[in-house]
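The values are calculated or read from the model by the stated rules, or taken from the named source; none is laboratory data. Only a predicted model underlies this, so the values are computations on that prediction, with no experimental measurement involved. Cβ sites come from the backbone with ideal geometry, for glycine too, and all protein chains shown count toward neighbours.
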Amino acid sequence: MGRGGTAPKDDQRLMDYVSVHAEPRGISVAGARFSPFKELSFRWKAPLNSVSFYASDYMADAPDEPLRQFVQGAWGYMYGRRGRFGEAYVNYIRSDEFVLKKRPLYINRSRNITYNTAGAERDICDAVQRLLDHGLLHDSDIDNTFFSWTAKPNYTRLGYCSQVMRLVAISRVMDSGRVPERAFDYVVYHECLHLRQGYRPFDSRPHDAEFRAGLRLFPGWREAEGDLARIPGMRRRDAAEALR
Ligand SMILES: [Zn+2]
């Protein structure tokens with residue numbers, strides 16, 4: 001095993017895929033390495049005529065074609081075009097195989113979760129079940145998903161969804177009878193709509209028109225948003241931004 005637990009042949013494979021883009025442009029590849037980023041991402045350093053590329057180690061054992069397309073998409077970002085990520089890459093990240101293999105590592109790197117749906121006063125599973133019962137969610141939306149409370153209360157982020165890892169974390173702030181059940185369900189619903197979207201590569205606008213239309217199907221969504229703004233300790237400005 002080489003640096004950071006990645007096999008040397010994989011660093012070489014990454015180097016080869018980066019070189020395909022770099023060489024025709026007269027750019028030399030100073031380094032290409034898999035790195036233990038928490039999120040599925042990439043970074044680069046590009047001094048004059050040279051590039052060092054760092055890819056998330058979640059991709060270290062990806063099949064050739066998904067890895068090639070990942071580098072291709074990343075290259076587009078690095079050099080000023082909007083990245084286009086190929087279908088083989090997207091399908092690989094969306095596969096149960098990828099999620100089941102990589103999520104344990106992601107969970108290890110997530111410091112602020114309890115690994116549990118049961119809180120002090122509420123269970124996230126109960127909210128999910130109510131949403132299923134009302135027909136707002138379907139089984140396929142929550143397939144292969146890990147739900148957890150956050151360990152510490154988070155006011156700037158009441159809910160969080162990793163579409164890559166299919167993990168939903170709900171802020172401990174919501175684990176209180178003082179917060180209306182409607183608001184709790186609304187936060188869980190919001191994050192589950194992101195699960196329904198599924199992985200979209202480096203998506204900068206997750207709250208698009210289709211997403212917002214989905215939110216509006218929640219009975220009493222307006223009241224639920226009002227409930228969130230009235231949570232003790234919550235600043236009004238934050239309430240609008242607190243659902244990611
Ligand atoms: Zn969101």
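The table below gives the values:
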item	result
Hits in region 199-212 (condition: within 15 Å of the ligand (Cβ to nearest atom) and out of contact with any Leu (no Cβ under 8 Å at 6 or more places or on another chain))	Y199, R200, D203, S204, R205, P206, H207, D208, A209, E210, R212
Index of the failed condition, E223 passing every other in (1) at positive phi; (2) over 23 Å from the mean Cα position of the chain (by Cα)	(1)
Entirely in region 139-228, the strands (runs of 3 or more DSSP E) that have 3 or more residues that are among the aliphatic types (A, V, I, L, M), modelled with pLDDT of 95 or more and under 19 Å from T114 (Cα atoms)	167-170
Pairs with Cβ under 9 Å, 6+ apart, first in region 49-76 and of a type in the set (S, T, Y), second in a helix (DSSP H, G or I)	S50/A22; S56/F70; Y58/I93; Y58/F98; Y58/K101; Y58/K102; Y58/L105; Y58/Y106
Verdict on V179 being crowded, with 21+ Cβ neighbours inside 10 Å, more than 25 Å from S41 (Cβ to Cβ) and more than 12 Å from the ligand (Cβ to nearest atom)	yes
First in region 88-109 and without any contact (Cβ under 8 Å) to a residue 60 or more places away in the chain and farther than 16 Å from F37 by Cβ, second anywhere and polar (S, T, N, Q) and in a helix (DSSP H, G or I), Cβ under 7 Å, 6 or more apart	A88/Q69
Yes/no for R196 being within 15 Å of the ligand (Cβ to nearest atom), among the charged types (D, E, K, R) and touching a residue at least 60 places away in the same chain (Cβ under 8 Å)	no
Residue in region 54-77 that is surrounded by fewer than 18 Cβ atoms within 10 Å (Cβ to Cβ), small (G, A, S) and not in a helix (DSSP H, G or I) present	no
Single residue of L67, L131 found to be within 26 Å of R212 (Cβ to Cβ) and not β-branched (V, I, T)	L131
Out of R103, R172, sole residue that is away from the ligand (no atom under 16 Å from the Cβ), surrounded by fewer than 21 Cβ atoms within 10 Å (Cβ to Cβ) and more than 16 Å from the chain's Cα centre (by Cα)	R172
Test: residue in region 126-133 that is within 16 Å of the ligand (Cβ to nearest atom) and either assigned to a loop (DSSP other than H, G, I, E, B) or of a type outside the set (G, A, S) (or both)	yes
Residue check for L167: touching a helix residue (DSSP H, G or I) at 6+ places or on another chain (Cβ under 9 Å), of a type in the set (A, V, I, L, M) and within 13 Å of the ligand (Cβ to nearest atom)	no
